[in-house]
1. Would you point out which residue out of Gly265, Gly296, Gly243 is modelled with pLDDT under 95, loosely packed, with under 11 Cβ neighbours inside 10 Å and either among the small types (Gly, Ala, Ser) or touching a Leu at 6+ places or on another chain (Cβ under 9 Å) (or both)?
2. Being modelled with pLDDT of 90 or more and farther than 17 Å from Ile3 by Cβ, is that true of even one residue in region 307-318?
3. Kindly indicate whether Ala111 is in contact with an Asp or Glu (Cβ under 9 Å, 6 or more places away or on another chain) and not assigned by TED's automatic domain parsing to the domain that holds Ala221.
4. Kindly evaluate Ser217 against the criterion of being small (Gly, Ala, Ser), closer than 30 Å to Lys264 by Cα and at pLDDT 95 or above.
5. If Ile235 meets every condition in (1) modelled with pLDDT of 80 or more; (2) exposed (fewer than 15 other Cβ atoms within 10 Å of the Cβ); (3) assigned by TED's automatic domain parsing to the domain that holds Glu164 apart from one, which number is that one?
6. Of the residues Ala34, Ala91, Ala97, which is within 19 Å of Phe313 (Cα to Cα), in the same structural domain as Arg117 (by TED's automatic domain parsing) and either β-branched (Val, Ile, Thr) or touching a Pro at 6+ places or on another chain (Cβ under 8 Å) (or both)?
7. All but one of (1) among the hydrophobic types (A, V, I, L, M, F, W, C); (2) out of contact with any helix residue (DSSP H, G or I) (no Cβ under 7 Å at 6 or more places or on another chain); (3) not in a helix (DSSP H, G or I) hold for Met238; which doesn't?
Amino acid sequence: MRILIDVMSGDNAPLELIRGAVMAKEEYPSLSIAIVGCEETINDVVEAEGISLDGIEVIPSVSVIGMEDKALSVVRDKKDSSMSVGLQKLAAGEGDAFVSAGNTGALIAGATLLVRRIRGIRRAGIATVLPFPTPVLLMDCGANLEVLPEDLEQFAFMGSLYMEKIYGLESPRVGLLNNGTEYNKGLPLQVATYERLTKSDVNFVGNVEGKTLPFDSCDVAVTDGFTGNLVLKVIEGMGKFFGGALKDLFHSTVTTKLSGLMVKGRLQEFKKKMDSSEHGGAPLLGISKPVIKAHGSSDAKAIKNAVHQAMTFVSTEINYDIAEWATAFEEKLKNEAAEKAAEPTAETK
């Protein structure tokens, strides 16, 4: 298995990403790892930090896609960037999965246009595991601001399959993120999607509200990318807020400091559970080969965990199951269109 890592993108590039690649190689010695980036920069960093790249290949690139760059720059004016080169190598079969902490829009555009979607999948989506006591997969988290009910049905299936394969859940519960649990709640998109999911082959448990996500209301929460991204960032922000509040609380007086020592172990467990670096990144479900979007602020541990996530994705062969389902789904949509066309119109009645 060969994993490609873009080490030039992200807030902590290239040092932390190089360190993450080295950590992954140390933990998985038989794994083939190739880092993509400017050779001169990489050589300068490893020499300055005393890092050994034994067993790790360096694939040269020239430019870097920054967070301010437009999404299509990955296939236009920055084809020589680390992100673009990595995706090109993945598309050419020179890697089994690709990891990047770079510009989300560019990564989605590059994955869609260079690696391509699985045939029959209308839109790829970002699937993020929310770090609750019972993990919840939220999809989509920013790839598609506007979607159709058919897209959300596909997200539901892909998310359900991911939780089944990666987390070992039997018949994962799928919920439609909405502003109420009644079947007729929400905008026309949610109402129409509710009807589709009720008739689908996923384990649909109905509408779920944002406030119930941490309390085991579903295993997969389906929504559009705009809403999903807002939810994700609120959760990340609240996690940091409560983490800081607890720290201040236990450092406020001598008594609270002593109390903090008594529960230190449990607090560390809680912090680890809420740490996004433990999950490594979010897969782009619907792309023909595994692409993992690591957090922009990823450190070495997060990159190492993203590599592990990529390895698991490849080994479970989820994409083969998605492709098989997507073929049947295409036929389903064709039949629906034919039935609709055959319905009598007002003029023919």
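The values are calculated or read from the model by the stated rules, or taken from the named source; none is laboratory data. Source: prediction; values computed, not measured. Cβ coordinates were reconstructed from backbone atoms using ideal geometry, including for glycine residues, and neighbour counts include every protein chain displayed.
1. Working: Gly296 fails: loosely packed, with under 11 Cβ neighbours inside 10 Å; Gly243 fails: loosely packed, with under 11 Cβ neighbours inside 10 Å.
Being modelled with pLDDT under 95, loosely packed, with under 11 Cβ neighbours inside 10 Å and either among the small types (Gly, Ala, Ser) or touching a Leu at 6+ places or on another chain (Cβ under 9 Å) (or both) holds for just one of Gly265, Gly296, Gly243, which is Gly265.
2. Going residue by residue through region 307-318, those that are modelled with pLDDT of 90 or more are 307-318.
After this cut, where a residue has to be farther than 17 Å from Ile3 by Cβ as well, the list is none.
No, region 307-318 has no match at all.
3. Numbers: in contact with an Asp or Glu (Cβ under 9 Å, 6 or more places away or on another chain): no; not assigned by TED's automatic domain parsing to the domain that holds Ala221: yes.
It is false that Ala111 is in contact with an Asp or Glu (Cβ under 9 Å, 6 or more places away or on another chain) and not assigned by TED's automatic domain parsing to the domain that holds Ala221.
4. Values: small (Gly, Ala, Ser): yes; closer than 30 Å to Lys264 by Cα: yes; at pLDDT 95 or above: yes.
So Ser217 passes the test.
5. With respect to (1) modelled with pLDDT of 80 or more; (2) exposed (fewer than 15 other Cβ atoms within 10 Å of the Cβ); (3) assigned by TED's automatic domain parsing to the domain that holds Glu164, Ile235 is out only on (2).
6. Numbers: Ala34 fails: either β-branched (Val, Ile, Thr) or touching a Pro at 6+ places or on another chain (Cβ under 8 Å) (or both); Ala91 fails: either β-branched (Val, Ile, Thr) or touching a Pro at 6+ places or on another chain (Cβ under 8 Å) (or both).
Residue meeting the stated conditions: Ala97.
7. Going through (1) among the hydrophobic types (A, V, I, L, M, F, W, C); (2) out of contact with any helix residue (DSSP H, G or I) (no Cβ under 7 Å at 6 or more places or on another chain); (3) not in a helix (DSSP H, G or I) one by one, Met238 breaks only (3).
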